[in-house]
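To start, the structure itself, in structure tokens.
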2 protein chains.
Amino acid sequence: MSESTRTRLSAGERRNQLVEIGRKTFAEKGYDATSVEEIAERAKISKPVIYEHFGGKEGLYAVIVDREMEYVISRISAAISEGTPRERLEGAVMAFLLCVQDRPDGFAVLQRDSPTNTGMANLLADVGDQVSNVFASEFKKAGYDRRAAPLYAQAIIGMVAFVAQWWQENPKMAVEEVGAHVLAMIWLGLRDLPKEPDQPARPADYP
Amino acid sequence: MSESTRTRLSAGERRNQLVEIGRKTFAEKGYDATSVEEIAERAKISKPVIYEHFGGKEGLYAVIVDREMEYVISRISAAISEGTPRERLEGAVMAFLLCVQDRPDGFAVLQRDSPTNTGMANLLADVGDQVSNVFASEFKKAGYDRRAAPLYAQAIIGMVAFVAQWWQENPKMAVEEVGAHVLAMIWLGLRDLPKEPDQPARPADYP
DNA sequence: GGAGTAAGTTACGTGCGAGTAAGTTACGGT
DNA sequence: ACCGTAACTTACTCGCACGTAACTTACTCC
């Protein structure tokens, strides 16, 4: 069977193709503005195929979001699994930025609004809770106000997410540089900004 | 004419009522998920009235967004009009937080996605450019890397916007406290967090 | 009190997009 | 070669929500 003659794809191949095309399309136009028809067109098939595989528009969307979340979470989890607190933070920030760099469409999908409010909101809420817990115990140790822990967690997350978005639209810097600046701001504060911040090593154990 | 008997409103009153109801509804459900029908229902009138006043759904939305942006921008502008750089930054942050506190629905509307991508994206882009310019000149003076100025601008904006959102969902702290923490983080960096950050005065010359 | 206008209603047209039923074509095994 | 199944298409239904045309009711000012 020659590749060029091939018209029909297997179930698995079709699923993967549709997830990819769907991700790109949702990233470009958002959930509501994307029609099932359009995704079908881009994939050069007809609508019912999508219903066959995913049960409907929401089904496809759910699969896309789920995969993206899984991807981001697994990378961040790997990055914060060990090391000093500072190394873990650096790892998490760099992991996130690398996700954005490697899968811009996925990031875009997660950032947009969705029907069942799954997406970035949930992801960031989760991450926020995690970070917040770490902070709470550290704050307690250091005698700071524990109630403020979630605030600082949110602040850091917002900072990173926003910088990532800006960076995606103005991709003139290397990941390492972006990460270095963000981390510098987190650790040192604006007042003592270094002229050339240290560049944390890019984790090597991820594709 | 007794107030209780009054059924018909004047054009201006109706406009204001619809803007208010529209803001609340769009804030709750987002642009797409809100139907003209529903807004009409909540206002206890019929659909064509809205078309009469605003020409359509987008027209109403545009007016709402415009008013909200105007409101936020005017407050921030007033806050950064004079003082030392630090006072200006404090003023801007506090002004923004007070906007969120005073008009939560407006903030919600601006944050959501919209048809013509007006909204928070544009607002923050504008503010970002402003802040970025200030930073660029300061950075030059201090010998830092000028290209990084927009990054730090975005970082601060993202931080404030995210904290604001979190605070809206967990309104357990006073504005002054939230502002103090955010500003502490900006100025001092995480490493030297004070146990009880200074509380900047709330600007008195705004309603 | 009645004409004129502003405010508001009912009842529709229209289009688009989600979802489906029934029929058709390629492919793979025997 | 041919049968069965999995992949795919054509051709619809249905409902919702934007927008509009034509009509009706309340208010105001002489």
Inset, instruction - Please go through segment B:53-69 and pick out each residue that is away from DNA strand D (no atom under 16 Å from the Cβ), open to solvent by 30 Å² or more (accessible area, probe 1.4 Å) and more than 22 Å from B:Val134 (Cβ to Cβ). - result: B:Asp66, B:Arg67
Legend entry - Qualifying position, being aromatic (Phe, Trp, Tyr), within 14 Å of DNA strand C (Cβ to nearest atom) and within 14 Å of another protein chain (Cβ to nearest Cβ), among A:Phe26, A:Phe54, A:Phe96: A:Phe26
Inset, instruction - Look at A:Glu37 and say whether it is closer than 26 Å to B:Gly30 by Cβ, within 16 Å of DNA strand C (Cβ to nearest atom), part of a helix (DSSP H, G or I) and open to solvent by 40 Å² or more (accessible area, probe 1.4 Å). - result: yes
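Would you call B:Ser74 assigned to a helix (DSSP H, G or I), away from chain A (no Cβ under 13 Å) and of a type outside the set (Lys, Arg)? Break it down into steps so the answer makes sense when it comes.
Details: assigned to a helix (DSSP H, G or I): yes; away from chain A (no Cβ under 13 Å): yes; of a type outside the set (Lys, Arg): yes.
Here the answer is yes, as B:Ser74 does meet what is asked.
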Legend entry - Where A:Gly83 falls short, out of the listed (1) open to solvent by less than 50 Å² (accessible area, probe 1.4 Å); (2) on the phi < 0 side of the Ramachandran plot; (3) modelled with pLDDT under 95; (4) not aromatic (Phe, Trp, Tyr): (2)
Inset, instruction - With respect to B:Gly22, determine if the residue is in a helix (DSSP H, G or I), open to solvent by less than 20 Å² (accessible area, probe 1.4 Å) and either at negative phi or near DNA strand D (Cβ under 9 Å from one of its atoms) (or both). - result: yes
Inset, instruction - For residues that are outside any helix (DSSP H, G or I) and loosely packed, with under 15 Cβ neighbours inside 10 Å, scanning just segment B:116-157, find the one that is modelled with the highest pLDDT. - result: B:Gly143
Inset, instruction - Output the qualifying pairs, or none if there are none: Cβ atoms under 7 angstrom, residues six or more apart or on different chains, first residue in segment B:137-152 and more than 10 Å from every other protein chain (Cβ to nearest Cβ), second residue open to solvent by less than 80 Å² (accessible area, probe 1.4 Å) and part of a helix (DSSP H, G or I). - result: B:Arg146/B:Ala136; B:Arg146/B:Phe139; B:Ala149/B:Ser132; B:Ala149/B:Phe135; B:Ala149/B:Ala136; B:Ala149/B:Phe139
Legend entry - Breaking point among (1) assigned to a loop (DSSP other than H, G, I, E, B); (2) open to solvent by 50 Å² or more (accessible area, probe 1.4 Å), for B:Tyr31: (2)
Legend entry - Number of the condition not met by A:Arg42 [criteria: (1) in contact with a Ser or Thr (Cβ under 7 Å, 6 or more places away or on another chain); (2) closer than 30 Å to A:Ala180 by Cα; (3) open to solvent by 60 Å² or more (accessible area, probe 1.4 Å)]: (2)
Inset, instruction - Under 7 Å between Cβ atoms, at least 6 apart or on separate chains: pull out the pairs that start in segment B:170-190 with a residue that is more than 13 Å from B:Val100 (Cα to Cα) and in a loop (DSSP other than H, G, I, E, B) and end on any residue that is open to solvent by 10 Å² or more (accessible area, probe 1.4 Å) and of a type in the set (A, V, I, L, M, F, W, C). - result: B:Met173/B:Trp167; B:Gly189/A:Trp187; B:Gly189/A:Leu188
Inset, instruction - Could you tell me whether B:Arg42 is away from DNA strand C (no atom under 16 Å from the Cβ), more than 14 Å from every other protein chain (Cβ to nearest Cβ) and within 27 Å of A:Asp113 (Cβ to Cβ)? - result: no
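The values are calculated or read from the model by the stated rules, or taken from the named source; none is laboratory data. Since this is a predicted model, take the numbers as computed values, not measurements. A quick note on method: Cβ atoms are made from the backbone with ideal geometry, for glycine too, and the neighbour counts reach across all protein chains shown. In case anyone asks, the SASA skips ligands and DNA or RNA and just uses the protein heavy atoms, side chains included. Shrake-Rupley method; radii C 1.70, N 1.55, O 1.52, S 1.80 Å.
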